[in-house]
Amino acid sequence: MENSVLKIEGMEIPAAMLPKIEELPKSLQEVAEIVGIEKTIALSNHFQGTTVAFPMLAKFKRKIRNAALREDYDRGATVAELARKYGLAERQTWNILSAAD
């Protein structure tokens, strides 16, 4: 089919047959709002019956924050300004800056 947007188990599903977000089970509605109906259906089909957990990205976010903090410092921001901007204590800001060296 030319209008198909999704293939599942050999079936082509035309766009007109895709459900609206509010027609999906509650557990999938938020996923659909983020990635769209087509990808939500594909994910649901792939992982059906399985509980999927998404790990937190704290380590990744910290790495990005620390790099941005270092960049701001190298551009002339003071430790007090950085501490306020990133919601840190000045001591922790110094710790991050000294570890980045």
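The values are calculated or read from the model by the stated rules, or taken from the named source; none is laboratory data. Note that this is a predicted model, so its numbers are computed, not measured. Counting neighbours? That spans all protein chains shown, and the Cβs are built from the backbone with ideal geometry, glycine included. Note: areas computed on protein heavy atoms with side chains; ligands, DNA, RNA excluded. Shrake-Rupley method; radii C 1.70, N 1.55, O 1.52, S 1.80 Å.
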Point to revise | Total lysine pairs under 17 Å (Cα atoms) in the chain, excluding pairs fewer than 8 apart on one chain | key: 5
Study note, to complete from the structure: Rounded to the nearest 10 degrees, the helix 58-74 long axis (Cα) sits at an angle to the longest Cα principal axis of the chain of 40 degrees
**Study point:** Residues with amide H under 5 Å from that of Leu6, placed H, sequence gap 5 or more
**Key:** Ile13
Revision key, fill the gap. Measuring from the longest principal axis of the C-alpha atoms of the chain, the long axis of helix 90-100 (C-alpha) lies at a number of degrees, nearest 10, equal to 80 degrees
Check your understanding: Roughly how many percent of the accessible protein surface of the chain is carbon and sulfur, given a 1.4 Å probe and a whole-percent answer?
Key -> 56 percent
Review point. Based on the Cβ-Cβ distance of Ala42 and Ala67, what FRET efficiency does E = 1/(1 + (r/R0)^6) give at R0 = 30 Å, to the nearest 0.05?
Key: 0.35
Check your understanding: Computed FRET efficiency, Cβ-Cβ of Phe54 and Glu33, R0 22 Å: what is it to the nearest 0.05?
Key -> 0.90
Exercise for review: Return a whole-number percent for the relative contact order of the chain, with Cα pairs under 8 Å and 6 or more residues apart as the contact set.
Suggested key: 15 percent
Point to revise | Heavy-atom surface of the chain, accessible at 1.4 Å and reported per residue (Å²) | key: 79 Å²
Exercise for review: From the P(r) of the chain, can you give the percent of Cα pairs sitting at distances over 24 Å?
Suggested key: 52 percent
Check your understanding: Within segment 2-101, which trypsin sites (Lys or Arg not before Pro) sit in a loop by DSSP and count at most 11 neighbouring Cβ atoms inside 10 Å?
Key -> Lys20, Arg75
Check your understanding: Between Met11 and Thr78, how many nm apart are label points set 7 Å from Cα along the C-beta direction?
Key -> 6.6 nm
